[in-house]
1. Can you run phi through the Karplus equation (6.51, -1.76, 1.60; θ = phi - 60°) for the range 135-146 and list ³J(HN,Hα) in whole Hz, with x for Gly and Pro?
2. With every protein chain in place, what's the accessible area of L34 (1.4 Å probe, Å², nearest 10)?
3. If you average the alpha carbon positions of the range 260-338 and of the range 119-165, how far apart do those two centres end up, in angstrom?
4. Order Y124, Y186 by their accessible area, 1.4 angstrom probe, all chains in place, largest first.
5. Taking all protein chains as present, what is the carbon and sulfur share of the accessible area of the range 199-348, in % to the nearest whole number, probe 1.4 Å?
6. Shape of the range 62-132 from its Cα gyration tensor (a ≥ b ≥ c, root eigenvalues): rounded if a/c is under 1.5, otherwise prolate when a/b > b/c, or oblate?
7. With every protein chain present, what accessible area does D132 have (1.4 Å probe, heavy atoms only), rounded to the nearest 10 Å²?
8. Would you rank L309, L193 by solvent-accessible area, highest first, keeping every protein chain in place and using a 1.4 Å probe?
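The values are calculated or read from the model by the stated rules, or taken from the named source; none is laboratory data. Note that the structure is predicted; figures quoted are calculated from it, not measured. For the accessible areas, the whole protein counts, side chains as well, though only heavy atoms, and no ligand, DNA or RNA atoms are used. Shrake-Rupley method; radii C 1.70, N 1.55, O 1.52, S 1.80 Å.
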Amino acid sequence: MSLATTAPVRQSLLASLTVRQFLQAGAVAVLAVLAGCVIYTVETYGLRPGRRLVESPSDVMMRTLGLAHFVVGWLFLGTSPRLREPRALGRLAVVTLAGVALCTAFALGGGRRNPLLLLFFYAYFLVHEVRDETRLYQVYGDAPSDGPAGRRFLDLLSWAVALLAVAALLAAFSVHGSAIEKAAAYTSEPRRLVLAGVAVLLTAGLWLGAQALRVGRRLHGDLRALGAAHLPLFAVYTGILSLLLLGALAGSAGFNLIILLHVTAWLVFVRHQLKARPGRGHGVWAWLRGTPVGFTALHLGVAAVILALMGLRIHVWQRAGWVSAVLAASSFPYWSLMHISMAFWRAR
């Protein structure tokens, strides 16, 4: 791309609310990791305890803000007026049971000790993140108003990107010898199984991508016009895939950042939505639920409580007791599986 065209493209991206919010979410995620680095430095070089809360800044802050995201989401869900409808309660029961079934299968299969199941968890969350970013793009108003055909294009495109991203995740996993060795305890041919998964996902992703391009070209005339029309979404997809590829080099830190980015993306999104509408009701809960400042205070307050409990778990409770079990790194996938499964209710 020439310098003459680079500046207009950059200006077009920055004019997009989708991209600005995505960059803001990225900045919040970086600040969270930096806060984790500060705690790590104080613990390691100042306090020098026998056990540390922060072994990995990205992991601890991801779990802290991730659990806060789940708790706040369930608080909002539990107080939603929509739950007064019997049909809504029935749908919620179905997706909740689906989450319980996934958690049960995850536990019976070995949980985090099984690299293949951990890979499934990462893949499930990655699909959740890609699909959610597409939804935010639509709500922010940057998606062209193309009616049912436009929505079909975005649906096909998001599934194609999600499947191709998971294929890349599996391909990266297949080159890690230690992970393959651990997976050998659960299947006789782990690398062959993973590569078969890559082939299936790659084929499905490319097929869906071709279908999306066919619909998109019908809407916009050619690929160049299609790319220009959905440039903000492609920029967001590029950011997610870049983090995923970096994660292949940095181990779990890269995927920790993807989960953290998902959390902060929803944080800045809800704040933006609350700014656009006046607060409703009176009282503390109405302020927490209905104003940007209140929502931020609720989110950060819950995160601070969780971080404090995680500190008590290490330094006081010595990782013993049910609270310690709930906050352990090994429990995070279960909370995430429940969150993603119950999010299907929200999508309705």
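1. 5, 5, 4, 5, 5, 5, x, 8, 6, x, 7, 10
2. Ignoring ligands and nucleic acids, L34 comes out at about 90 Å².
3. 25
4. On the way: Y124 50, Y186 100 Å².
Listed by decreasing accessible area, they come as Y186, Y124.
5. Values: 5250 of 7560 Å².
Percent of accessible area from carbon and sulfur atoms in the range 199-348: 69.
6. Numbers: a/c = 2.27, a/b = 1.62, b/c = 1.41.
Prolate, because a/c is 1.5 or more and a/b exceeds b/c.
7. Roll a 1.4 Å probe over it and D132 shows about 10 Å².
8. Values: L309 55, L193 95 Å².
Of L309, L193, the descending order of accessible area is L193, L309.
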